[in-house]
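Asker: To start, I am sharing the structure in question, which I have written as structure tokens.
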Amino acid sequence: MRDGAMGGGQGAASNHGDLGWDDGLYRDDARSYAPGTGYDGGQIPGQRSPHGGGDGPEPIPGGPGAGGADDGAEGRAAGPGGGHRRGGPRRQRSRKRKVLRWVAIVAAVAVLGTAGAAYGYYEYLSSKIRKGERVSGKTNVAKPKANADGTSAMNIMILGSDSRLSAADQKLGGAADSAGARADVIMIAHLSADRSNMSVVSIPRDTRVDIPECEDPKTHHIYPKVNTIINASLGRGGPGCTLAAVQNLTNVYIDHWLMIDFSGVVKMADVLGGVEVCVQHSVWDRPTKYIKHGGSGLKLTAGKHIIKGTQALQWLRTRDAFGDDSGRAKAQHMYMSSLIRTLREQNLFGNPARLNKIATTAMGAFEVSSEIGTPKKLYDLGMELKSVSPSRMTMLTMPHDADPEDPNAHYVPSKDASTVWSLLRNDVAMDAGGKAQTPGTASPTPKPTTPSGPPAAAPATIPVTVVNGTAGTSDQQAVGHRATDIATALNTAGFTQAKPSQTAVPSPGTSVVYPAASGEQGRSDAASVAKAMKIPVSNVKPSATATAITLTVGADWKKGTDYSTTLPKAGGVPKSADSYNGADKTGCMPIQPIYRWAG
């Protein structure tokens, strides 16, 4: 299967000095996972249990398989669940494992972003690179065309998996019979088309989404589409299934994925030499009479500190002292950006032995999508990421609300999430120092041009179906009459055969698709429709299943008839995304009063 074709639519107190499983990392409810086949032959996460339990078995991820075209909108289907969040006791979880993914992830990003060494260096590392196919699930998102300068933005999905089958992983926590892969960390790293800025968006692992039909890349088992927690996607077809789910959620094309496992990561924090962090108050994150199961053991005096080893792990897993999961995410972003700055300032190219040690450790933890699984391509990627200044890096979290189905444990994307996805899709800089860049155009106000090929047919001869997708996702409410309003506007512009569809199909973003079989003529006709509504040419896509030109009004276009007015401005990140600039050396994490001490 290949993506790009579109269908008809779119606890108990723990010892805070211990490095074992910790109940307080997420203040989650207890859960148990129903048995099911994982994509590596193990189990997949099941529904949460109100009676206790903990993390289910998880296998080591394999590689992704092929993807495919989406059959359309997905309803809520019964199927395996996964993930958990706050509220209630839960079985102890590994302190190391829950946060080592962050050490590995930040090291992976930092190494890629600073390593521009000779081609031969990557040849040396090539034997350590594990790889798999890019996509293994149905998705309706196509790769956008390059802009007028012939360049394109790049989106890389970074995953932190949670598996315990290898001997090394078992030392970090869990049993040998543990199975069921989960995507505990999901981030989209966006590199702008002009390579001037980068943004990293974290998607909470317990976000309820539609996971599409996916195929196990090893056994070729087909998993049906299901509405459940996004971290379950990894066990339903590998990283390629998670990629498909992320694409469908965001309507952002993901060029590559990079997945981190955790064997050998205990050494990573020490190898990196430490990272500077800051706290506003002296902090001791420990069990309290109010939260008896909490406590990472982090104990620091107020001010700045260089942390490594165990302290780095404690920092990354601290939740309650930082307030909540949003606070923890911000602390993790602070650590990540500080690490990147540290590596850039150290000029590792003057110390090849140390660079080799860091990169070798990190590369041994990687699995990457096959299209970047060569030394040269990783070298090229590293050189591109290396060019971005920390001041042009923005880190944020997908805005989210409590899941109506399980408000104490899970999330759903909030309305502000559509703004974040629009920033990514339109390649608009998330830092205020940048200028908006819209794919297919050279300015923030799109001026779509007709692509090369035959001229478009007369507007009155082009049938157009307009679909209301403003709900964005299946659990949101659509804006009334949007399909009718846009169809009326098209009629006024001369497209007299434009008609509203009676069926709403949720879509995060606006698009115009045309039958792939209609070739260049179909593209020209579809581009003329887009131009009439001031929709960028990059939003015009072919579909193997479409029978007519279809304009889907996405969640990013909830009012008005001029799409260009909806495009976000540079630095227009919603406050609910809790963004953090990569060059910020002044930030200090505030500490909840009960976790302060007189140090």
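Asker: Where in the range 350-427 are there helices (runs of 4 or more DSSP H), lying fully within it, with 1 or more residues that are at pLDDT below 85?
Answerer: 352-363, 375-386
Each row is one residue, and each column tells you yes or no for (1) acidic (Asp, Glu); (2) open to solvent by 50 Å² or more (accessible area, probe 1.4 Å); (3) touching a Ser or Thr at 6+ places or on another chain (Cβ under 9 Å); (4) more than 23 Å from THR394 (Cα to Cα).
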| position | (1), (2), (3), (4) |
| --- | --- |
| SER282 | no, no, yes, yes |
| LYS289 | no, yes, no, yes |
| LEU316 | no, no, yes, no |
| ASP324 | yes, yes, no, no |
| LYS330 | no, yes, yes, no |
| HIS333 | no, no, yes, no |
| SER338 | no, no, no, no |
| ARG341 | no, no, no, no |
| GLN346 | no, yes, yes, no |
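Table: residues versus (1) buried (at least 21 other Cβ atoms within 10 Å of the Cβ); (2) at pLDDT 95 or above.
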residue: ILE462; (1), (2): yes, yes
residue: ARG482; (1), (2): yes, yes
residue: ILE486; (1), (2): yes, yes
residue: ALA489; (1), (2): no, yes
residue: ALA498; (1), (2): yes, yes
residue: THR503; (1), (2): no, no
residue: PRO508; (1), (2): yes, no
residue: ALA517; (1), (2): no, no
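Asker: Under 8 Å between Cβ atoms, which residue pairs at least 6 apart in sequence (or on different chains) link something in the range 128-145 that is within 23 Å of TYR514 (Cα to Cα) with a partner that is in a strand (DSSP E or B) and open to solvent by 10 Å² or more (accessible area, probe 1.4 Å)?
Answerer: GLY137/GLU215; ALA142/LYS541; ALA142/PRO542
Asker: Restricting attention to the range 566-595, which residues are polar (S, T, N, Q) and surrounded by fewer than 16 Cβ atoms within 10 Å (Cβ to Cβ)?
Answerer: THR586
Asker: Still on this structure: Step by step: first the residues of the range 528-560, then only those that are in a loop (DSSP other than H, G, I, E, B) and aliphatic (A, V, I, L, M), then the one that is surrounded by the fewest Cβ atoms within 10 Å (Cβ to Cβ). Which residue is that?
Answerer: ALA544
Asker: If I ask for residues that are out of contact with any Lys or Arg (no Cβ under 9 Å at 6 or more places or on another chain) and at pLDDT below 70, which ones from the range 147-170 would you list?
Answerer: Of everything in the range 147-170, those that are out of contact with any Lys or Arg (no Cβ under 9 Å at 6 or more places or on another chain) and at pLDDT below 70 turn out to be ASN147, ALA148, ASP149, GLY150, LEU165, SER166, ALA167, ALA168.
Asker: Let me ask another. Please tell me if TYR563 is in contact with an Asp or Glu (Cβ under 7 Å, 6 or more places away or on another chain) and surrounded by 16 or more Cβ atoms within 10 Å (Cβ to Cβ). Walk me through how you get there before you give the answer.
Answerer: Numbers: in contact with an Asp or Glu (Cβ under 7 Å, 6 or more places away or on another chain): no; surrounded by 16 or more Cβ atoms within 10 Å (Cβ to Cβ): yes.
Judged against the criteria, TYR563 is not a match.
Asker: Can you name the residue in the range 387-413 that is open to solvent by 20 Å² or more (accessible area, probe 1.4 Å) and of a type in the set (Gly, Ala, Ser) and, of all such residues, is farthest from ALA193 (Cα to Cα)?
Answerer: Per the stated criteria, the residue is ALA402.
Asker: Okay, next question. Where in the range 183-258 are there strands (runs of 3 or more DSSP E), lying fully within it, with 1 or more residues that are touching a Gly at 6+ places or on another chain (Cβ under 9 Å) and closer than 19 Å to VAL141 by Cα?
Answerer: 183-191, 208-211, 226-229
Asker: Sticking with this structure for a sec: If you take the residues in the range 171-220 that are modelled with pLDDT under 75, surrounded by 18 or more Cβ atoms within 10 Å (Cβ to Cβ) and not aliphatic (A, V, I, L, M), which one is nearest to HIS400 (Cα to Cα)?
Answerer: ASP184
Asker: Criterion first (open to solvent by less than 60 Å² (accessible area, probe 1.4 Å), under 23 Å from ALA142 (Cβ atoms) and modelled with pLDDT of 95 or more) does SER474 satisfy it?
Answerer: Taking the combined requirement at face value, the residue does not satisfy it.
The values are calculated or read from the model by the stated rules, or taken from the named source; none is laboratory data. All values derive from a computational prediction rather than experimental measurement. Positions of Cβ are backbone-derived with ideal geometry, glycine not excepted, and every protein chain shown enters the neighbour counts. Heavy atoms of the whole protein, side chains included, go into the accessibility calculation; ligands, DNA and RNA do not. Shrake-Rupley method; radii C 1.70, N 1.55, O 1.52, S 1.80 Å.
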